[in-house]
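Structure first, commentary second.
The values are calculated or read from the model by the stated rules, or taken from the named source; none is laboratory data. What you see is a predicted model, and the numbers here were worked out from it, not measured in a lab. Note: ideal-geometry Cβ built from the backbone for every residue, glycine included; neighbour counts use all protein chains shown. Each accessible area value is taken on the protein alone, full model and side chains, heavy atoms only, with ligands, DNA and RNA left out. Shrake-Rupley method; radii C 1.70, N 1.55, O 1.52, S 1.80 Å.
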Amino acid sequence: MRKISIVFISFCFCLTAKAQMPAADSLLDFIATHKKNAALFLVKNDTVLAKLNENKVMPLASTVKMLVAVEFAKQAAAHVLNPAAYVALADLDKYYLPNTDGNAHPAWLKYEKSLKHISNDSVRLLDVARGMMMFSSNANTEYIMELVGLDNVKNNIQLLGLQPHTAVYPLVASLFVYQNPKNKSEESILKGIKKLNDQTYARLIYDIHKALTYNPELKAKFRPQDLTPNMQKLWSDRLPASTVKSYARLAKTINNRKFFDEQTYAVLSDILETVMENPANQKQFLHIGMKGGSTASVLTKCVYAATKGSENMHGNHLELVYFFNDLSLEENGRLQKWMNAFEYMSLTSNSFRQKISATIK
């Protein structure tokens with residue numbers, strides 16, 4: 001099964017703008033020729049520079065984890081939870097389904113081991129949250145979602161004005177809906193799932209999530225072989241969804257450092273802005289953060305940045321959100337190769353931003 005989260009991208013700006021341009025142009029050309037499958041919203045200093053299908057509700061994939069990060073940061077800042085507390089790896093493993101996340105969770109564990117962050121088979125809660133964003137570990141996300149409370153995560157939709165937005169639910173548990181242990185016809189199962197309204201669908205998934213939390217044996221009953229391409233497509237289509245305009249609003253809220261208190265933004269920086277640990281990015285940005293997501297047919301990204309200005313000029317605040325849906329595997333793979341360059345040029349080049357504006361009308 002193809003992973004449901006974003007491919008980890010280092011986002012290192014070591015290449016020159018000239019080297020980045022061909023890939024950036026390729027992604028922009030794809031948007032221009034596949035407008036029905038794409039949406040984009042680009043803002044510079046509160047001015048909308050480009051928009052395409054900005055109000056079209058599309059699956060978010062792992063970009064929805066930004067809402068979980070916001071709630072985690074709020075509760076950490078308010079001392080409701082302690083980011084320095086240790087979490088047993090076994091508690092995370094409850095929510096890990098092998099071969100469903102593109103190796104994200106094992107890659108995160110290997111990364112933490114390399115940094116010697118694991119002690120007595122436990123790891124800091126803050127590192128669990130960073131793994132949720134850096135590697136897009138679905139197991140980490142599920143654990144944090146349970147810790148902070150799903151209702152609290154969902155309340156941020158209203159708090160931040162992120163409408164329209166469909167129901168948020170645990171992603172790992174949602175895969176259990178697409179099981180076929182009794183060998184029924186795939187058509188009948190898909191038909192039954194399609195009949196579920198969003199509220200019933202989300203409630204069913206949350207019940208499965210709670211069962212995973214308290215009954216570890218349930219995980220062993222998962223049948224990855226049941227996730228046929230048709231099953232995966234319906235699962236992908238019913239993921240939590242919103243618009244590029246709404247997520248640009250979320251990006252702006254994080255980018256402008258005005259809505260939450262200083263402590264909340266400090267925690268958000270720790271978990272959303274890990275690319276700032278690269279010296280190459282520190283030379284150009286005051287801060288930069290992002291989250292993306294992918295399934296076999298979906299690719300999404302939400303990026304925000306504050307650039308450094310020259311001696312006599314202030315820098316810029318920029319938000320870039322772009323979504324794709326109904327992609328082929330080949331298209332998805334090509335786009336992922338171009339994303340880093342497209343984002344770099346969008347954030348650093350005024351002429352490229354003008355090109356986006358001219359291309360997307």
| query | Once the mean 1/r over all distinct Cα pairs of the chain is inverted, what Kirkwood radius in angstroms do you read off? | reply | 20.8
| Charge dipole of the chain about the Cα centre (unit charges at C-beta), most positive-ward option of 19, 92, 351 | 351
| field | Convex hull projection area averaged over all views, the stretch 24-68, Cα basis, nm² | value | 4.3
| query | How long are the semi-axes of the ellipsoid equivalent to the stretch 202-302, from square roots of 5 times the Cα gyration tensor eigenvalues, in whole Å, largest first? | reply | 34, 18, 15
| said: Rolling a 1.4 angstrom probe over the protein chains, ignoring ligands and nucleic acids, what is the accessible area of residue 257 in square angstrom, nearest 10? | reply: 80
| So what is the 222 nm mean residue ellipticity for the chain from helices alone, if each DSSP H run of at least 4 adds -39500 (n - 2.57) and you divide by all residues, rounding to the nearest 500 deg cm²/dmol? | -14500 deg cm²/dmol
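Output the pairs from 36/65; 283/355; 44/233; 116/258; 44/116 with a Cα-Cα distance over 31 Å in this structure; if there are none, say none.
Flagged as over cut-off: 44/233; 116/258; 44/116.
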| field | Computed P(r) (all Cα pairs; the stretch 46-204; 5 Å bins; percent) | value | 1, 8, 15, 18, 17, 15, 12, 8, 5, 1, 0
| said: Can you give me the C-alpha center-to-center distance between the stretch 240-269 and the stretch 171-194, rounded to a whole angstrom? | reply: 35
| field | Anchor residue 308: aspartates and glutamates whose Cα lies under 13 Å away (excluding residues fewer than 8 positions away in-chain) | value | none
| remark: Over its alpha-carbon atoms, the stretch 125-269 yields an Rg and a Dmax in Å of 17.2, 54
| Ordering of 224-235, 86-97, 192-203 by burial proxy (mean other Cβ atoms within 10 Å per residue, highest first) | 86-97, 224-235, 192-203
| remark: Checking the stretch 311-361 for GluC sites (Glu not before Pro) in a loop per DSSP with at most 14 other beta-carbon atoms within 10 Å yields 311
| task | Provide, for q = 0.22 Å⁻¹, the log10 of I(q)/I(0) from a solvent-free Debye sum over equal Cα point scatterers in the stretch 85-152. | result | -0.89
| task | Would you work out which of 39, 289, 167 lies farthest towards the positive end of the dipole of the chain? Charges go on Cβ: Lys and Arg +1, Asp and Glu -1. | result | 39
| request: Send over the Kirkwood Rh of the stretch 167-243, from the inverse of the averaged 1/r over different Cα pairs, rounded to one decimal Å. | output: 13.0
| query | Three principal axis extents, largest first, for the C-alpha atoms of the stretch 256-327, in Å? | reply | 45, 28, 24
| task | Any of 94/191; 56/301; 195/245; 252/337; 35/301 with alpha carbons more than 18 Å apart? Name them for me. | result | 94/191; 195/245; 252/337
